[in-house]
Amino acid sequence: MLHKITKLIFILFTLTLLGACDKFSATESDVFEETDKDLSGVWKLEKVTRNGIDITGLMDFTQFSLDLNKDGTYVVENYLPFVVKDDGKWQVDDPLYPFHLIFKTEGSNQDEVSVEIEYMIVNGKRSLSIDLSPGCFSNVYTYVFNRTDHP
């Protein structure tokens, strides 16, 4: 008799658990939409590496900045070896998932210059990493920027 009661309780418990399950259905408000990434702002160098070796302390990189304006123009302040020297226009390859930053120097007959970027969040702040080889292709520099004009 005890065996039958235990079996009945187990069956009722199992049916209760199965009946309590609710199927998930996404409603319109549950659907997440990706937004365009805003790279505009004033970007200051935080870290510089050459061939994987940190050289940030070997030179004063604090004066260099890259100003990416919302209107699609850019300004290079206190030039260091970079992919462009003069001011011009910028854009990204994909506003949702930017993997390339494209520069076009104002008044220049040169082609656009495209660099691979990593647009990430580090310690709660946006960071922009650019790999480049100005001049000598055997040296690869990585410039890591932090945006200074956004919270």
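So the values come out like this:
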| item | result |
| --- | --- |
| Extended-chain gain in nm, criterion 0.36 nm per residue less alpha-carbon gap, THR16 and ASN69 | 13.1 nm |
| Most positive-pole-ward Cα, ASN123, TYR74, VAL84, against dipole of the chain from beta carbon charges | ASN123 |
| Gain in span if fully extended, LYS89 to VAL140, counting 0.36 nm per residue against the direct Cα distance | 15.9 nm |
| Cα→Cβ-extended label distance, 7 Å offset, between LEU96 and ASN51, nm | 4.1 nm |
| Using alpha-carbon coordinates, inclination of helix 2-20 to the longest axis of the chain, degrees | 40 degrees |
| Stretch gain in nm, segment ILE121-ASP36, where the contour uses 0.36 nm per residue and the Cα spacing is subtracted | 29.1 nm |
| Farthest toward positive dipole pole in the chain [+1 Lys/Arg, -1 Asp/Glu at C-beta], among ILE53, PHE137, GLN110 | ILE53 |
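No lab work stands behind these numbers, since they all come straight from the coordinates. Predicted model only: the values in this text are computed from it and were never measured. Cβ atoms come from the backbone with ideal geometry, glycine included; neighbour counts cover every protein chain shown.
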